[in-house]
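This report concerns only the one structure given below.
We did not get these values from a lab; they are worked out from the coordinates using the rules stated. Note that the structure is predicted; figures quoted are calculated from it, not measured. Every residue, glycine among them, receives a Cβ derived from its backbone with ideal geometry; neighbour counts consider all protein chains shown.
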Amino acid sequence: MTALEAGVSTLTPVRSGMGHWLQSYAMMTRWEIGNLRLLLPLIVALQIVIGGGFALGIGLFFDTIPMRNALFLSTGVAVVTLITVGLVLGPQLVGNQKVAGTYDFMWSLPVPRTTQAAAWLTVNTIIALPGMVAALVIANWRYDLPLVVSWSIFPAVLLTIVTATMVGYAFAHAIPKPMVTQMITQLLIFTILGFSPINFPPENLPEWLASLNLWLPFHHMANVMRAGLTEGLVTSVGTSYLVLTAYTIASVVLATWVVGRRD
């Protein structure tokens, strides 16, 4: 055997295929959950408190709240709990990884990088869903809502979580400075809560701002979620699904491009 043949025979074969991807995904999911093992129960509890507290707290601004407004508020709070995990909490945790020095180690692991994004999406879903359910249960108790849950709530939740998580994942990894990431997350939550028709009807906004929101994903997230939780409250649901699906695909492509360009 020549030296060249001996060298070739000792090379580690490159693992690929769906089996390797699924194994890597399971490993990265366990790693992400293990990394948050002390904080995960606290984060989930915090999301439940925020979701339920927001539904109760906003209602204190009114002596009586019309049922239509109560439906917009309550279903909107459920949407906010899904969005904030992906757009705010996720990027902040990535920033903490950079500060703690575990970020570069994670990227050195011999796994497909798409599995890291998929694992983070799974963890975000685990964190977000209890807060969403708690917000709806507490709001239903407080306002005695005529909620009608349909099968369409499942694609609505999926599209909302994936879009928010992938957008947050992309800019968290693209921006090197954690402080800048934190500033962006604060700006996003301020904009979403104050100027997107999530917790209130679109007609409450100035006409130009309502028109602008038709081109952004947040209005459509709220629209499809309300369609899955109520009857007759919203219109143009098909258009919202098309727009939100386009944003979901674009956000996944963006996140894949960002993680793929890292050295």
Using a simple charge model, +1 on the beta-carbon of Lys and Arg, -1 on the beta-carbon of Asp and Glu, nothing else, what dipole does the chain show about its Cα centre, in debye to the nearest 20? 460 debye
Based on other C-beta atoms within 10 Å, arrange 189, 50 from fewest to most. 189, 50
For the Cα atoms of the chain, what angle does the longest principal axis make with the long axis of helix 90-100, in degrees from 0 to 90, nearest 10? 40 degrees
Run the numbers for residue 231 and residue 103: contour at 0.36 nm per residue of separation, minus the present Cα-Cα distance, in nm. 41.6 nm
Pair residue 144, residue 42: separation of 7 Å Cα→Cβ label points (nm): 4.0 nm
Defining a contact as two alpha carbons under 8 Å apart and six or more residues distant in sequence, what relative contact order in percent does the chain show? 27 percent
Springs between alpha-carbon pairs under 10 angstrom, Gaussian network model over the chain: which of 174, 117, 222 fluctuates most? 174
Candidate values (i) 86, 37, 34; (ii) 53, 42, 32; (iii) 43, 41, 31, label of the one derived for Cα extents along the principal axes in Å: (i)
So for the chain, taking the charge dipole from beta-carbon charges (+1 Lys/Arg, -1 Asp/Glu), which of 47, 97, 170 sits furthest toward the positive end? 97
Table column - 3J(HN,Hα) (Hz), region 102-107, Karplus curve with 6.51, -1.76, 1.60, x for Gly and Pro: 8, 5, 5, 5, 4, 6
Nearest-ten-degree value, helix 113-143 long axis tilted from longest Cα axis of the chain: 20 degrees
Net charge dipole size for region 44-182 [Lys, Arg +1 and Asp, Glu -1 on Cβ; Debye, nearest 20]: 220 debye
